[in-house]
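Reading through the structure tokens given below for one structure.
The values are calculated or read from the model by the stated rules, or taken from the named source; none is laboratory data. A quick note: this is a predicted structure, and the numbers were derived from the prediction, not measured. Cβ placement follows ideal geometry from the backbone for every residue including glycine, while neighbour counts extend to all protein chains displayed. SASA here: full protein model, heavy atoms, side chains in, ligands and nucleic acids out. Shrake-Rupley method; radii C 1.70, N 1.55, O 1.52, S 1.80 Å.
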Amino acid sequence: MIDLNKHKLKLDYPCSWKYKIVILENTNAKHVSNDIFGERKYSLKESKVSKKGKFKSYTIELIVHNDDDREELHRLLGDHKDIKMVL
């Protein structure tokens, strides 16, 4: 089995990157995204609704400029009070 933690991701920056977020059904995904990205251009698309309808997932796509930028955005998404999970 391959241990992916031992391999560094090799990307040519800048590049398009997608994050998947999971939020409560009644949370406004656009407001959450604007809190994090501000004036930065991104796309937001609803993905799925949980079986019982309590959660929704969204795909956020934007241009990242380097590893630090990509990782910082992941951290900001994960730290946001309204986001339950980031993939």
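Some notes on this structure:
- The HN-Hα couplings worked out from phi for region 20-31 by the Karplus form 6.51 cos²θ - 1.76 cosθ + 1.60 (θ = phi - 60°) are 10, 10, 10, 9, 5, 4, 8, 7, 7, 5, 5, 5 Hz, whole numbers, x standing for Gly and Pro.
- Surface share of carbon and sulfur [accessible, 1.4 angstrom probe, percent] for the chain: 52 percent
- Taken about its Cα centre, the chain carries a charge dipole of roughly 560 debye when the Cβ of each Lys and Arg holds +1 and the Cβ of each Asp and Glu holds -1.
- Set of lysines with alpha-carbon distance to LYS48 below 17 Å, sequence-local pairs under 8 removed: LYS18, LYS20, LYS30, LYS56, LYS84
- Between ILE63 and LEU11, the modelled labels are 1.4 nm apart [label points 7 Å from Cα along Cα→Cβ].
- For the chain, the longest principal axis of the Cα atoms and the long axis of helix 67-79 meet at an angle of about 20 degrees.
- For the chain, the pair-distance distribution built from all alpha carbon pairs, in bins 5 Å wide starting at 0, is 3, 13, 24, 23, 16, 11, 7, 3, 0 percent.
- Annotation: per residue accessible area for the chain equals 75 Å², rounded to a whole number [probe 1.4 Å, protein chains only].
- 12 Å Cα-Cα reach of LYS41 towards aspartates and glutamates, excluding residues that sit fewer than 8 places from it in its own chain: GLU61
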